[in-house]
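Just so it is clear, none of the values below were taken in a lab; they were calculated from the coordinates. Bear in mind the structure is a predicted one, so any value in this text is a computation, not a measurement. Methodologically, a virtual Cβ is constructed for each residue, glycine included, from the backbone with ideal geometry; neighbour enumeration extends over all protein chains shown.
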Amino acid sequence: MVFSRNIMFTGGIAVLFILLFLIIFSHDGIVDFCHLSKEKAYIISDNLKIEKKNLNLIIEINRLKNDKEYIEHVAKHEFGMANFDELVFRTISNKGTSMKLGMMQ
C-alpha cells in the first residue's frame, strides 16, 4: 500500500513537471509570450514614430496650401528659385557650388 502511494506520488510529481515544462517552453508558452510582448512594445513605439511623422506631414501640407511665405521659403531654399527682383550669385568654393541670393535695386 505504501509502495503504491509512493509510485502515485512520484507519477503525480512527474506529470506536474511535464505540465510545467509544457507551459514554459511550448508554442504558446511563457517564452513565446515574453517574445511577443517585446515585439508588441517595438511595434507600438514604431507606430508612434510614424504617427508623429504623419502629423508633421499634414502640417507641412497645410502650410504649402495656405502659407505663401512658407511656399517662398521652400522654393528658395529647397529648389534654388528666386523672385523676379532677385539676382542669384553662384560662387565656386573648394567644397562645390554654393548659391547666394541678392536683391536688385
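Here are a few things to note about the model shown:
- In this calculation the C-beta distance from Tyr42 to Ala14 is compared with R0 = 35 Å, giving a FRET efficiency of 0.35.
- Helix screen, the chain: DSSP H segments with Cα axial length of 27 Å or more and mean Kyte-Doolittle hydropathy at least -1.0 are 2-25, 30-66.
- For the chain, lysine pairs separated by 8 or more sequence positions, or belonging to different chains, with Cα-Cα distances below 30 Å total 21.
- For the range 51-84, the residues whose backbone nitrogen is under 19 Å from a point 7 Å from the Cα of Arg90, taken along Cα to Cβ, are 75-84.
- Note: relative contact order over the chain, using C-alpha pairs below 8 Å and six or more positions apart, is 10 percent.
- Cα-only Debye scattering, the chain: base-10 log of I(q)/I(0) at q = 0.24 Å⁻¹: -1.17
- Anisotropy class of the range 42-91 from Cα gyration tensor, a/c 1.5 cut: oblate
- Spin-label model distance (nm) - Asn6 vs Phe21, 7 Å beyond Cα toward Cβ: 2.3
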